[in-house]
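Here's the structure we're looking at; comments come further down.
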Number of protein chains: 2
Amino acid sequence: MSVFRYEALEVFLRQQIQTGRYKVGEKLPSVRTLCQQHELSKATVIHALHKLEADQLIYAVPKSGYFVAEVSSDYNTPQKVPTPSIPAQVNVPDLFRDIMSRSAAFDILPSDRSTATAQHLINLNRMIGKASRFHPEQKAHYYDEPKGLVRLRSAIVDLYRQRETSLAAEDLCITSGCQHALFLALMATCQKGDTVAIESPAFYGALQQLEQLGLHVIEISSDPNTGLDLQELADKIQDWPIKACIVTPNFHTPTGSKMPVSNMKALVKLANQHDFYVIEDDIYGELSFHNELCPPLKSVCREGRVILCGSFSKCLSRELRIGWIAGGLLHDKIVQLKLITQLANPQAVQEGLAEFISQGHFKRYVNQRRQQLKEQRDQLIAELRQHWGAHIKFSKPNGGMSCWLELPSHIDTQQSYKALLEKGIVLTPGVLFSAHGLYKNHMRLSFSQPLTERRRAALHLLFQTLLKDQ
Amino acid sequence: MSVFRYEALEVFLRQQIQTGRYKVGEKLPSVRTLCQQHELSKATVIHALHKLEADQLIYAVPKSGYFVAEVSSDYNTPQKVPTPSIPAQVNVPDLFRDIMSRSAAFDILPSDRSTATAQHLINLNRMIGKASRFHPEQKAHYYDEPKGLVRLRSAIVDLYRQRETSLAAEDLCITSGCQHALFLALMATCQKGDTVAIESPAFYGALQQLEQLGLHVIEISSDPNTGLDLQELADKIQDWPIKACIVTPNFHTPTGSKMPVSNMKALVKLANQHDFYVIEDDIYGELSFHNELCPPLKSVCREGRVILCGSFSKCLSRELRIGWIAGGLLHDKIVQLKLITQLANPQAVQEGLAEFISQGHFKRYVNQRRQQLKEQRDQLIAELRQHWGAHIKFSKPNGGMSCWLELPSHIDTQQSYKALLEKGIVLTPGVLFSAHGLYKNHMRLSFSQPLTERRRAALHLLFQTLLKDQ
């Protein structure tokens, strides 16, 4: 494969996109067409496309092709931060536990109690209520099946089928949310003292689990756009063999990064070569702002190396306490661990939820929610750019519900946490997302709620407090 | 203290009870009165009472006195079985997992689908439904407090206050059932490879947990009436130091044994002396057939050595998936483990349940249930005595929902499991309840359901199959 030939195509396509010849969301010509037009081999064309995908100029939709991603050249993305070369044991200070429990709500302010109730929750409650009135004596006397209600598992299988992922109902096990699923995955893959690789910045819920299970963590630098740096992972595991790697390929919290499909494939290859498991946190998987839903990492793994974890907490309701796990090679072990950790899940909730999904209510709601989150992201980004664009850098995620902010290097976001809390504002400082105390001048900012005047005012107060010594 | 003096009082009271001078449920004279009447010291009188309590002729109600227990001299109780002197790793065969998942329903037959719905479940569902309609958006966006809803914790505190146990709401943490609570207690007290003491026979759910966590188990012979043999525990932990001891002081499954208060105190003393934790499974605590509710082990421990675990699954509904844990010295650690294992519980279920308890519905229902279970126990015992009294021995528990059967020594209850399952009957073989393969000729039999003609026929078929080679 000639370096020059693929580079020429890469430059050509990049120009076409940047000059608007291909619009955002538009499909690029097929690989076959590009081969013919440019007289290139298939491998060369794919190499060029992978380069553009890694730069987030385009994104792949399996079995469909490549599409033009939203251009994000008019703002500053936070820099990838170098990470220490050795593992650490996690040690979460008590203050952080307080912040973590507040930050799980993903909002700088408590919600307005007067908000009108969304119709989808009324429907969902009605279906769960109906299920709970059906043979309540039976439900009171019998636990559900060990893997959870088969009808709900089939409904989840259908959701994944729409994301190019082939699963069977028996490949899945219902859990009490994604945290429970991640816990089971760590219990199944690791023993105390083992080392686990994580994206840096990392989801703090995973860091807490690694702490409590006595696991060591090696942080892998992650790009706010494309996620885990695979080369760094490959280098570090030479020195520090790992048992598992936790990743959120689709719309990672805090950065919102999306792992390109080519990186997904490379990660699975690495896992097979070095005999570790990949624990995929897919909790934001349904919350894509692309025209097409993004397939999970699980979709590119045939060997059962990927343990897929998900939940309805972020895309529907935290109140359900329903998640799932597809454990691949370790599935039987994981089902046993589910049984010993909590035996069963409520049957009526599973029945009502299965009905809600199979009647199409879930798809309708989640499509609305994706649109709403995308608009709220745009509101937030516009606000940041207009008022603090000179001082802060921020990611512009194409899914999920938060973006990642980098402030001037002398600012310590954690220092302002208490003062802001007294004013009723919850700041989520960057240090929460590292086992090594990185990200002192970073923070997570959520767009899960509309940017009302109340939130806009809170945002101004937040940045005035943070930047006051500028 | 003279041996003869306490023995004389013990013999005197034993005769008075056996000749009917004191009736079942009647209060004995107070310690002070007995001292005066018999001209004995307080210590001597208490010694005599403890002997009678250990023999289950009387039972203690703290701050009230001693009451005459039901006499059970007219039937054969299963013998206490000697246990191996060394610990073992648990290794649950796959067939057992199948049996365990079926036996969790505590019934030899599936329930009759046509059973009319109990009013208490309609009330409970109504209250949960009402709570779920209150601010559903809030519930969808926010998790509950780390320890669970404070109102529900306060309601559980009130239930324990009626059982002579002083707790505060912050001493409790809500879990997803008792299995989840026991798991957290084991995670908090033990590391892989540690040794845990259990009653023998033991609850199979605990055995599964010990297996999955890689813990060693030392079985302690237990009396079908009075539970754990404290002398044997004291002897064995000299050779095999333990980190925890799991006990069900009130109405153990499978035997239905109830630990005398004097043994409870001795167990706590032993735990303090030898630096181990006692994990109390109180899931049957509310299901006492005595006139008074029985206090938990927790009530006699001031040092925080007892980790109290309970649930509404057996006394109200398995569908709720709501339990609790009071972790004593380890409570903060346990709350962290709860958060990493599953983050949160549904708020509406907790709110509805708190309302159900505070309106008095729970007490009313559980009192009915206790009466109902007592009658069902009597039906079952009468049936056993009438038809198989010559061949089998059985415990007669004063609470809970199952009794323990000893069959002739050449019978292997596990061998008939598959044949009976093909006939639609679920046999719970004794081997499930041991890590060392004990109890081949034992089985658990539940009285959780009324002895209908269908169940009576199933019972006959079961024993005919088991005893056919007699």
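Filtered by the rule that a residue be in contact with a helix residue (DSSP H, G or I) (Cβ under 9 Å, 6 or more places away or on another chain) and either at pLDDT below 95 or part of a loop (DSSP other than H, G, I, E, B) (or both), the stretch A:266-284 gives A:276, A:282, A:283. Only a single criterion out of (1) in contact (Cβ under 8 Å) with a residue 60 or more places away in the chain; (2) open to solvent by less than 10 Å² (accessible area, probe 1.4 Å); (3) within 14 Å of chain B (Cβ to nearest Cβ) is not satisfied by residue A:255, namely (3).
Taking into account only those residues within the stretch B:208-230 that are hydrophobic (A, V, I, L, M, F, W, C) and modelled with pLDDT of 95 or more, which is nearest to residue A:335 (Cα to Cα)?
By that ranking, first place goes to B:210.
Of everything listed in (1) open to solvent by less than 30 Å² (accessible area, probe 1.4 Å); (2) over 12 Å from the mean Cα position of the chain (by Cα), the single unmet condition for residue A:223 is (1). All conditions in (1) on the phi > 0 side of the Ramachandran plot; (2) more than 29 Å from the chain's Cα centre (by Cα); (3) in contact (Cβ under 8 Å) with a residue 40 or more places away in the chain hold for residue B:56, with the sole exception of (2). A Cβ distance below 7 Å, combined with a sequence gap of six or more or placement on separate chains, defines the contacts here; from the stretch B:343-364, residues that are in a helix (DSSP H, G or I) reach residues that are at pLDDT below 95 and of a type in the set (S, T, N, Q) in the pairs B:348/B:132; B:356/B:123; B:361/B:123. Of the residues making up the stretch B:110-149, those that are more than 7 Å from chain A (Cβ to nearest Cβ), touching a Gly at 6+ places or on another chain (Cβ under 9 Å) and either modelled with pLDDT of 85 or more or under 30 Å from residue B:331 (Cβ atoms) (or both) number 6.
Among the numbered conditions (1) farther than 18 Å from residue B:128 by Cβ; (2) away from chain A (no Cβ under 13 Å), the only one that residue B:309 does not meet is (2).
Let's see how each residue does on (1) over 25 Å from residue A:378 (Cβ atoms); (2) assigned to a loop (DSSP other than H, G, I, E, B):
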residue	(1), (2)
A:14	no, no
A:35	yes, no
A:50	yes, no
A:79	no, yes
A:92	yes, yes
A:98	yes, no
A:102	yes, no
A:110	no, yes
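Filtering the stretch A:205-221 to residues that are facing another protein chain (nearest Cβ under 9 Å) and either of a type in the set (Lys, Arg) or in contact with a Lys or Arg (Cβ under 7 Å, 6 or more places away or on another chain) (or both) leaves A:213, A:214. Going by the conditions given, is residue B:453 closer than 20 Å to residue B:386 by Cβ, open to solvent by 50 Å² or more (accessible area, probe 1.4 Å) and at pLDDT below 95? So residue B:453 fits the description; yes. Scan the stretch A:14-55 for residues that are touching a strand residue (DSSP E or B) at 6+ places or on another chain (Cβ under 9 Å), over 10 Å from residue A:68 (Cβ atoms) and open to solvent by less than 30 Å² (accessible area, probe 1.4 Å) and report the count. The number of residues fulfilling the criteria is 2.
Total residues in the stretch B:130-161 satisfying the condition of being out of contact with any Lys or Arg (no Cβ under 8 Å at 6 or more places or on another chain) and in a loop (DSSP other than H, G, I, E, B): the figure is 5. Inclusion of residue A:182 among residues that are within 30 Å of residue A:85 (Cα to Cα) and within 14 Å of chain B (Cβ to nearest Cβ) is warranted.
Scoring residue B:384 on the criteria (1) surrounded by fewer than 23 Cβ atoms within 10 Å (Cβ to Cβ); (2) in a loop (DSSP other than H, G, I, E, B) leaves a single failure, condition (2). For the residues A:199, A:170, the requirement of being more than 14 Å from chain B (Cβ to nearest Cβ) and more than 28 Å from residue A:289 (Cα to Cα) singles out A:170. Residue count for the stretch A:324-360 under the criterion of being within 9 Å of chain B (Cβ to nearest Cβ) and at negative phi: the result is 13. Name the residue, out of A:208, A:238, that is open to solvent by 10 Å² or more (accessible area, probe 1.4 Å), closer than 28 Å to residue B:345 by Cβ and assigned by TED's automatic domain parsing to the domain that holds residue A:256. On inspection, the qualifying residue turns out to be A:208.
Of the residues making up the stretch B:78-97, just one is of a type in the set (Ser, Thr, Tyr) and open to solvent by 30 Å² or more (accessible area, probe 1.4 Å), namely B:85. Just the residues that are in contact with a strand residue (DSSP E or B) (Cβ under 7 Å, 6 or more places away or on another chain), open to solvent by less than 40 Å² (accessible area, probe 1.4 Å) and among the charged types (D, E, K, R), please, taken from the stretch B:98-157. Residues satisfying the conditions are B:107, B:153. In the stretch A:427-441, the residue that is farthest from the chain's Cα centre (by Cα) out of those that are open to solvent by less than 30 Å² (accessible area, probe 1.4 Å) and closer than 14 Å to residue A:80 by Cβ is A:439.
If you go through the stretch B:258-280 and keep only what is open to solvent by 10 Å² or more (accessible area, probe 1.4 Å) and either of a type in the set (D, E, K, R) or assigned by TED's automatic domain parsing to the domain that holds residue B:429 (or both), you end up with B:258, B:265, B:269, B:275. The residues listed here are A:298, A:363; of these, the one that is of a type outside the set (Asp, Glu), open to solvent by 20 Å² or more (accessible area, probe 1.4 Å), away from chain B (no Cβ under 14 Å) and closer than 30 Å to residue A:130 by Cα is A:363. Criterion first (within 17 Å of the chain's Cα centre (by Cα), more than 24 Å from residue A:184 (Cβ to Cβ), more than 11 Å from chain A (Cβ to nearest Cβ) and touching a residue at least 12 places away in the same chain (Cβ under 8 Å)) does residue B:154 satisfy it? The answer is no for residue B:154.
The values are calculated or read from the model by the stated rules, or taken from the named source; none is laboratory data. In this text the structure is predicted, and so the values were computed from the model without any measurement. Virtual Cβ from ideal backbone geometry, glycine too; neighbours counted across all protein chains shown. These accessible areas exclude ligands, DNA and RNA; they are computed on the full protein's heavy atoms, side chains included. Shrake-Rupley method; radii C 1.70, N 1.55, O 1.52, S 1.80 Å.
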